[in-house]
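Visitor: What follows is a structure written as structure tokens; I'll ask about it next.
The values are calculated or read from the model by the stated rules, or taken from the named source; none is laboratory data. Remember, it's a predicted structure, so these values are computed and weren't measured experimentally. Note that we place each Cβ from the backbone using ideal geometry, even for glycine, and neighbour counts take in every protein chain shown.
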Amino acid sequence: MPYFESGLGAPLIIEFTGNPGSGKSTLAGAFRRELDTRGYHTWLPNEYWKDLGLIHTGNRYKRVGGIIKKFSGVARAALSNIPALGAIPWCDILMYTSFRHKKIILGAFATNLAEREVLKREVKRNTIALLDEGIVHRIYSLFVFPQISVNMTSVFKYLRAVDLPDLLVYVRSSIPSCMERMIKRGLPLRLENMQKSEILSMMAKGEETLDTVVEKIQSIFFSKVDVLELDGGNIPDGTKKILNWLDCKY
């Protein structure tokens, strides 16, 4: 396979982003199954945390060891990402969100930092890392959720300071469709106490922000990252387009 013969010194990182309920998890899962049938090695964050004992485990000692390893990864990543940390609206997050939402936002961000550190230090080359909620997607919770208006200057500063994926898959669906999917599967914890009108408004602001971010990535970071915008309602076609990108690129 071309990718295995490429001699890359780091894993290939593919990130899926989009509104909640847009279909990014479904598309990522379908794409991963296709990769498995072709013999590619894949890495998924949730499977890694499960192996460490941080997800669905009854072994207390294994869990403690996993927590220590994850914390050390967060600390190392934070020290190497000071400019990115400085771009985040910490005051908005700490002052204008509930305690539970603070935990969700900060916990997700810390997990994301740890995942990037694992990718740098532990994941072997010739591996395709699939991130359902990566650096670009994290913009949604860090910059959109805590506030009504989004400071795009801070968003761009954040983008310039972080490691971007090799391929950003922007999954699109209409906001009513996203809402319908979320209701069927259960709203995320950070949304469950919000009114439907508030959620729709937040998703509209999130899509507007992601549109601007993707446009900026395409114009500024064109030499570092490729972008595919796909329809979350057409999983077979989306999977085929990502595979075509992979075949052409590697």
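Visitor: Pick from region 126-149 the residues that are part of a loop (DSSP other than H, G, I, E, B) and over 17 Å from LEU44 (Cβ atoms): which of them is nearest to the chain's Cα centre (by Cα)?
Guide: Ranking the qualifying residues of region 126-149, first place goes to PHE145.
Visitor: Separate question: From the list PHE99, PHE31, PHE109, PHE71, which one is under 30 Å from MET194 (Cα atoms), of a type outside the set (A, V, I, L, M) and either touching a helix residue (DSSP H, G or I) at 6+ places or on another chain (Cβ under 7 Å) or modelled with pLDDT of 85 or more (or both)?
Guide: Testing whether each residue is under 30 Å from MET194 (Cα atoms), of a type outside the set (A, V, I, L, M) and either touching a helix residue (DSSP H, G or I) at 6+ places or on another chain (Cβ under 7 Å) or modelled with pLDDT of 85 or more (or both) leaves just PHE109.
Visitor: Could we say that PRO89 is within 18 Å of GLY18 (Cβ to Cβ), touching a helix residue (DSSP H, G or I) at 6+ places or on another chain (Cβ under 8 Å) and in contact (Cβ under 8 Å) with a residue 60 or more places away in the chain here?
Guide: no
Visitor: Just to be sure, is PRO45 surrounded by 19 or more Cβ atoms within 10 Å (Cβ to Cβ), touching a Cys at 6+ places or on another chain (Cβ under 9 Å) and in contact (Cβ under 8 Å) with a residue 12 or more places away in the chain?
Guide: no
Visitor: Go over the candidates VAL225, VAL214 one by one and state the one that is at negative phi and in contact with a helix residue (DSSP H, G or I) (Cβ under 7 Å, 6 or more places away or on another chain).
Guide: VAL225
Visitor: For region 150-250, which fully contained helices (runs of 4 or more DSSP H) count at least 1 residues that are under 14 Å from VAL136 (Cα atoms)?
Guide: Counting at least 1 such residues, we get 152-161, 196-220.
Visitor: Can you run down the residue pairs with Cβ atoms below 8 Å, 6 or more apart or on separate chains, where the first is in region 16-28 and under 16 Å from ALA129 (Cβ atoms) and the partner is of a type in the set (S, T, N, Q) and not in a helix (DSSP H, G or I)?
Guide: What qualifies is LYS24/THR17.
Visitor: Any residue at all in region 192-210 that's more than 14 Å from GLY18 (Cα to Cα), in contact with a Phe, Trp or Tyr (Cβ under 9 Å, 6 or more places away or on another chain) and not β-branched (Val, Ile, Thr)?
Guide: So far as region 192-210 goes, no, none of its residues is more than 14 Å from GLY18 (Cα to Cα), in contact with a Phe, Trp or Tyr (Cβ under 9 Å, 6 or more places away or on another chain) and not β-branched (Val, Ile, Thr).
Visitor: When LEU131 is evaluated against the numbered criteria (1) surrounded by fewer than 17 Cβ atoms within 10 Å (Cβ to Cβ); (2) within 24 Å of LYS205 (Cα to Cα), which criterion, by number, is the only one it fails?
Guide: Every condition holds for LEU131 apart from (1).
Visitor: Sort out which residues of region 186-207 are in contact (Cβ under 8 Å) with a residue 12 or more places away in the chain, surrounded by fewer than 16 Cβ atoms within 10 Å (Cβ to Cβ) and charged (D, E, K, R), and write them in order of number.
Guide: LYS196, the sole residue that qualifies.
Listed here are the residues, each with its yes/no results for (1) closer than 23 Å to GLY73 by Cβ; (2) modelled with pLDDT of 90 or more.
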| position | (1), (2) |
| --- | --- |
| ARG121 | yes, no |
| ILE148 | no, no |
| SER177 | no, yes |
| GLN195 | no, no |
| MET202 | no, no |
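Visitor: Restricting attention to region 214-229, which residues are within 17 Å of SER22 (Cα to Cα) and hydrophobic (A, V, I, L, M, F, W, C)?
Guide: Scanning region 214-229 gives VAL214, VAL227, LEU228.
Visitor: Let me ask something else about it. In region 100-120, which residue that is of a type in the set (D, E, K, R) and in contact (Cβ under 8 Å) with a residue 40 or more places away in the chain is surrounded by the fewest Cβ atoms within 10 Å (Cβ to Cβ)?
Guide: Per the criteria, the residue is ARG100.
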